[in-house]
Structures are given as structure tokens and as C-alpha cells.
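Novice: Pasting a structure below so you can have a look.
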Amino acid sequence: MSALLDDIKNVSMLSNKNMKIDKDFQQLDKYYVANGLVEITIGEYQGLGYYIVKEPELTPDEFRLYRDILEELRYRAKPDQQILTDPLGYLEKALKNTIGELEVASKVYNSKNKLFYYLKRDVLGFGPLEPLMNDPEIEDISIEGVGKPARVFHRRYSFYDWLHTNIVFENEEELNNYLIKLAHMGGKHISTAYPIADVMLPGRHRATLTFSREVTPQGPSLTIRKFREKPLTICHLVKHGTISSLMAAYWWILLENKAFLMIIGPMASGKTTLLNSLAMLLKPNWKVVSIEDVAELNLPHPGWKPLVARHTYLIGENLTEIKLFDLVKLSFRERADFIIVGEVRGEEAYALFQAAASGHGCACTFHSSNFESMVNRLTSPPLNVGLGYIDLISNVIIIKRVAKSSKQAIRRVAEVDEVISPHDYIKIFTWNSSDDSFYPNDPYELIEKSIELKHIAETTGLSEEDILAELIERKTFIESLVKHNILDFEEVTTQLRRFYYRRYGRNE
């Protein structure tokens, strides 16, 4: 039987709690998702941020009808090819047929949109979390246990950190069943024997699940990192003030000359977003291989080949497991011009440094707070990178999420370093928190400071004046895109290809 029909059998009837709003509740925002059917209210109460979901209400008669329709779908819906090609259309057709068989068309005339919303939500969608998954402003979703409200991280209200919602799983069995459904949606298994699962959900959303109370005493839990369908570009980051246009031009030149860039910072600081936006600057005629534990990168690049690790559930057996280390070694045989590792955390670090030593361009993200702690982690188990390899890193980019005020949190590249040795580096860019500015912002000063740019001039036969002209041209190009509000990844990619075509002609 198809997965869709299995889902119909296991539909949860859980809905959102009706939350009474206290008179001291301060409403900050209100908007709608799901084609206007779901109301979202954001507010503050006693210093905490709240995200209140109001789905369309079903009357008792509508709810009974919804339950009857589900029962009919469970027993009467038959699988056909449309389930695979158009599941939404299949569900709509099944609903229409079921309404006809139940002879209730007159009763559902004014309720059809609401009924179809809940059917789509519970059968094809993410159930009670569907409104959160439909909201493009939500970055992360977290449930820490039974009876605890789901919490969300909202892009526009990040100064509250996590917002509390009115979505609560009160029953452990209900939450366990929900986790099983999410795991199956991603083609994975979760159970008492295997209580942890890292899952790629439909839409490329990343979920970390823990089952029952095997490893989480407060009960089943989940965290969902939502995937941006349209990734942020380098122009977005310049416009938002995360980086400067001179930084972007500087990195662009480094990437074109196959440098090794390492982006470091704490969790949720924007490392992967910055990595993805920088990768868009790579030459369109290159072959780019990305390697990730769970796919998060989204590169609009014609030569992009993503590789993803595979994990096994077999007890005492790891012959079928494919680790990041294996994929980095595999990339050596791919004749890749540039290798990207989404997040370095194990033995794959050594293989990545070998790739850099053999002339590949490389970029990765890494959890660390500064240059010194980065070196300490890289040279310690389980990474075990030799000190002699550290100076292969061209650039260390430190990105942070900082509180600009009590009501605003921002992401900024706080520092950019060029590596001289394992124990020494030069600060190329710094961020001044007092006036939210980057230094330097003058290409002449950057040329004076940067060893990497001087090295590129020497190895390519260019003069420092030529490199300066490159910096100015690319800085101006990026500023022009931002000025004309060309930010979307498709538009930016098109402009970058035109830039390369004008520069190199038909060879690109």
C-alpha cells in the first residue's frame, strides 16, 4: 500500500490549543499564512515572546464530517499512479468522491476549504506543525518534551530568541507517533532500539528526532531546521549589513584563485548561509563538489555535484555506512575545481586539508569562536590535522549573531583573518559594533594589508595595481546590484554569468 494511504490510516486529530490572551499581552504583529486560512499573532507577555497560531475552526458538525471523511478515505481510497505524480490532486479527487458517496455535498459547500486544509495538513503535510512549516519567517522549530509548547525562531523577532507557541503535544504516545511519521517522511526509521534520527524531510527541511525517553528524560523531542527554498545571495548579505561590498569583492578574488576559506562561529550564527552565498561566486564553468552529513546547501551552479553521507542502522555493522571522510576522498577522483564541506567535525578534516594541499579550492564551516580555538580543535582528536597544514588556510571568517539592542539581534562577520602560521595571523577586516561598520572599506588599504592578494598578484603575473582594479570593479559591480535591488538568487546568478562572459568571453 502506498505511503499516502498509510498516512491516511495514521492521521493525528491533534489541533492547536485555544490560548486565552491576557489583557497585558502586547501584540507586536499579525499576519496570515496558508492562503489566508491561518492567522499568526506575535506578541510579548512578561518578557517572553509568543507566536500564537489560529487555524480555521471546525464546528462540531464539521469536525464529525471531517472524521467521517477520513474514515471513508482510510477504507475506500485506492492507490493509483496519481499518488506518485500528483498527491495533492489525488487527495482532492478522493475528497470529492468521498463527499459524493457520503451524500453530504450540501453540508460541506461552505466548509470545503477548511476541510481540505485539514486533510492536506494531516495527510500530506506536517500535521499540527504545518502552520509553522508554511511560515517563511520561521528558521527553526523545537519541541523539548511532552506537555511543553513548541517553540520557534523567527527571523524578524530573533531578539526574543525562541518564541513560545500554543502548539502542545500533551500525550507521549501522540508525540512518538508524530516522530515516527516524520522519520518515515524522510525515509528513515526511529524506535526504542534506534531512538535518534537525523532526517531530511520533504522540502529539504532538516529534522533531529529523539524517540520516547531513551535519551531524553523529558520525553520525545524534535528540532527542525527549515530549508530556504530561495537561498540568500551575497547581495542580500551586503544589503542586510552582514558583510561589506569590499569583503565580498575580496573573497570573490580569493575563490577565483582556489583559496581555502574556513567560516567559523557558534551555532545558528549564519555560517552555512554565508558559505552558500560565497559559493555562488564560483566560476560557472567549474566543477563544484559539496559534501554534507545532511543536505543543506543549495547552489544555483551548473557544475554543482552534491554528495551526502549515508548512515546505517545495522547493529555492529558499518560496512554500508558512507562517512564524510569517504566522500572527501571520493571527491579527489571527481576532478573537482572546488570542494565544499558543509560542516567539518571529524576525520574528514584531514582529507580536506589534503585536498587543499593538492591544489583544490576549498571552503567549509566549523564550530569555533576565534582563530586560537579553531587551531586547537583542528589539531586535537578526532580531527587530528597536523600543525604544518594550518597555513594552508587562506582565510578565517568569524561570523556572529549579536544583540544590536534589546529589540534587535543581527548577524555580522566580526573578523576576517589571513593565516601566516599556526600561531600567527593578520586581521584583514574587523567590525566596529559601536557604529555597525566594517574596516577597512577602502580597496587601497586592503591591498596594503593583505598578504593573500599580494600572493595572488605574484602567482598570476598581475601587478598590485591590477589586483586593485579587480577589487574596485567587483566591489562596484556588487554595489550596483544591491542599489538596483537585484537580490534574488536567480537574478544574481544571471548577472554573475554575464560578468564572467564579458570578462572571459566564450571560454566561460
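Novice: Restricting to the range 158-177, count the residues that are among the aliphatic types (A, V, I, L, M), assigned to a helix (DSSP H, G or I) and in the same structural domain as residue 52 (by TED's automatic domain parsing).
Specialist: 0
Novice: Mind checking whether some residue in the range 109-130 is surrounded by 22 or more Cβ atoms within 10 Å (Cβ to Cβ) and in contact with a strand residue (DSSP E or B) (Cβ under 7 Å, 6 or more places away or on another chain)?
Specialist: Yes, the range 109-130 contains at least one residue that is surrounded by 22 or more Cβ atoms within 10 Å (Cβ to Cβ) and in contact with a strand residue (DSSP E or B) (Cβ under 7 Å, 6 or more places away or on another chain).
Novice: Determine the pairs where a residue that is under 15 Å from residue 52 (Cβ atoms) and not assigned by TED's automatic domain parsing to the domain that holds residue 179, located within the range 132-156, has a partner that is in a strand (DSSP E or B) and among the acidic types (Asp, Glu) with Cβ atoms under 7 Å apart, the partner being 6 or more residues away or on another chain.
Specialist: 152/140
Novice: How many residues are part of a strand (DSSP E or B) and free of Cβ contacts under 8 Å to residues at least 40 places away in the same chain when one looks only at the range 391-414?
Specialist: Residues in the range 391-414 being part of a strand (DSSP E or B) and free of Cβ contacts under 8 Å to residues at least 40 places away in the same chain: 3 in total.
Listed here are the residues, each with its yes/no results for (1) of a type in the set (Asp, Glu); (2) loosely packed, with under 12 Cβ neighbours inside 10 Å.
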site	(1), (2)
465	yes, yes
471	no, no
480	no, no
499	no, no
502	no, yes
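A quick yes/no check of all residues on (1) hydrophobic (A, V, I, L, M, F, W, C); (2) over 25 Å from residue 352 (Cα atoms); (3) modelled with pLDDT of 95 or more:
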| site | (1), (2), (3) |
| --- | --- |
| 393 | yes, no, yes |
| 403 | yes, yes, no |
| 406 | no, yes, no |
| 427 | no, no, yes |
| 433 | no, yes, no |
| 438 | yes, yes, yes |
| 444 | no, yes, yes |
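Novice: Answer yes or no: is there a residue in the range 369-392 that is assigned by TED's automatic domain parsing to the domain that holds residue 272 and touching a Cys at 6+ places or on another chain (Cβ under 9 Å).
Specialist: Scanning the range 369-392, I find at least one residue that is assigned by TED's automatic domain parsing to the domain that holds residue 272 and touching a Cys at 6+ places or on another chain (Cβ under 9 Å), so the answer is yes.
Novice: Select, from 238, 289, the only residue that is under 26 Å from residue 200 (Cα atoms), buried (at least 20 other Cβ atoms within 10 Å of the Cβ) and among the aliphatic types (A, V, I, L, M).
Specialist: Within the list 238, 289, the selection yields 289.
Novice: Out of 62, 139, which single residue is modelled with pLDDT of 75 or more and assigned to a strand (DSSP E or B)?
Specialist: Among 62, 139, only 139 is modelled with pLDDT of 75 or more and assigned to a strand (DSSP E or B).
Novice: Can you name every residue in the range 109-121 that is farther than 9 Å from residue 66 by Cβ and either part of a helix (DSSP H, G or I) or of a type in the set (Phe, Trp, Tyr) (or both)?
Specialist: Once the filter is applied, which keeps residues that are farther than 9 Å from residue 66 by Cβ and either part of a helix (DSSP H, G or I) or of a type in the set (Phe, Trp, Tyr) (or both), the range 109-121 yields 109, 112, 113, 116, 117, 120, 121.
Novice: Out of all the residues in the range 323-364, which are over 23 Å from residue 252 (Cα atoms), out of contact with any helix residue (DSSP H, G or I) (no Cβ under 9 Å at 6 or more places or on another chain) and not basic (Lys, Arg)?
Specialist: Scanning the range 323-364 gives 330, 334.
Novice: Using the structure shown, decide if residue 429 is assigned to a strand (DSSP E or B), of a type in the set (Phe, Trp, Tyr) and buried (at least 22 other Cβ atoms within 10 Å of the Cβ).
Specialist: yes
Novice: Consider residue 270 against the criteria (1) within 20 Å of residue 202 (Cα to Cα); (2) within 15 Å of the chain's Cα centre (by Cα); (3) at pLDDT below 95; (4) crowded, with 17+ Cβ neighbours inside 10 Å: it satisfies all of them except one. Which criterion is unmet?
Specialist: (1)
Novice: Are there any pairs, at least 6 apart or on different chains, whose C-beta atoms fall under 6 Å, with the first in the range 438-453 and without any contact (Cβ under 8 Å) to a residue 12 or more places away in the chain and the second among the β-branched types (Val, Ile, Thr), and if so, which?
Specialist: Taking only residues 6 or more apart or on different chains, the pairs are 439/430.
Novice: Hey, can you tell me all the residues within the range 371-390 that are in a loop (DSSP other than H, G, I, E, B) and either surrounded by fewer than 21 Cβ atoms within 10 Å (Cβ to Cβ) or acidic (Asp, Glu) (or both)?
Specialist: Across the range 371-390, the qualifying residues are 379, 380, 381, 382, 383, 384, 386.
Novice: Which condition number does residue 314 fail, the rest of (1) of a type in the set (A, V, I, L, M); (2) at pLDDT 85 or above; (3) under 25 Å from residue 199 (Cβ atoms) being met?
Specialist: Of everything listed in (1) of a type in the set (A, V, I, L, M); (2) at pLDDT 85 or above; (3) under 25 Å from residue 199 (Cβ atoms), residue 314 misses just condition (2).
Novice: Let me ask another. Just to be sure before I move on: is residue 442 over 22 Å from residue 301 (Cβ atoms) and among the acidic types (Asp, Glu) in the structure I sent?
Specialist: When the stated conditions are applied, residue 442 passes them.
Novice: Going through the range 171-211 one residue at a time, which ones are acidic (Asp, Glu), more than 20 Å from residue 132 (Cα to Cα) and either touching a residue at least 12 places away in the same chain (Cβ under 8 Å) or surrounded by 15 or more Cβ atoms within 10 Å (Cβ to Cβ) (or both)?
Specialist: Answer for the range 171-211, where residues must be acidic (Asp, Glu), more than 20 Å from residue 132 (Cα to Cα) and either touching a residue at least 12 places away in the same chain (Cβ under 8 Å) or surrounded by 15 or more Cβ atoms within 10 Å (Cβ to Cβ) (or both): just 172.
Novice: In addition: Just checking, which of 245, 221 is at pLDDT 95 or above and closer than 14 Å to residue 277 by Cα?
Specialist: That would be 245, the only listed residue that is at pLDDT 95 or above and closer than 14 Å to residue 277 by Cα.
Novice: Could you please let me know if residue 113 is modelled with pLDDT of 75 or more and either in contact with a Ser or Thr (Cβ under 9 Å, 6 or more places away or on another chain) or within 25 Å of residue 206 (Cα to Cα) (or both)?
Specialist: No: the conditions fail for residue 113.
Novice: One residue is enough: does the range 187-194 have a residue meeting the conditions small (Gly, Ala, Ser) and modelled with pLDDT under 90?
Specialist: Yes.
The values are calculated or read from the model by the stated rules, or taken from the named source; none is laboratory data. Since we're looking at a predicted model, the values are computed, not measured. Cβ coordinates were reconstructed from backbone atoms using ideal geometry, including for glycine residues, and neighbour counts include every protein chain displayed.
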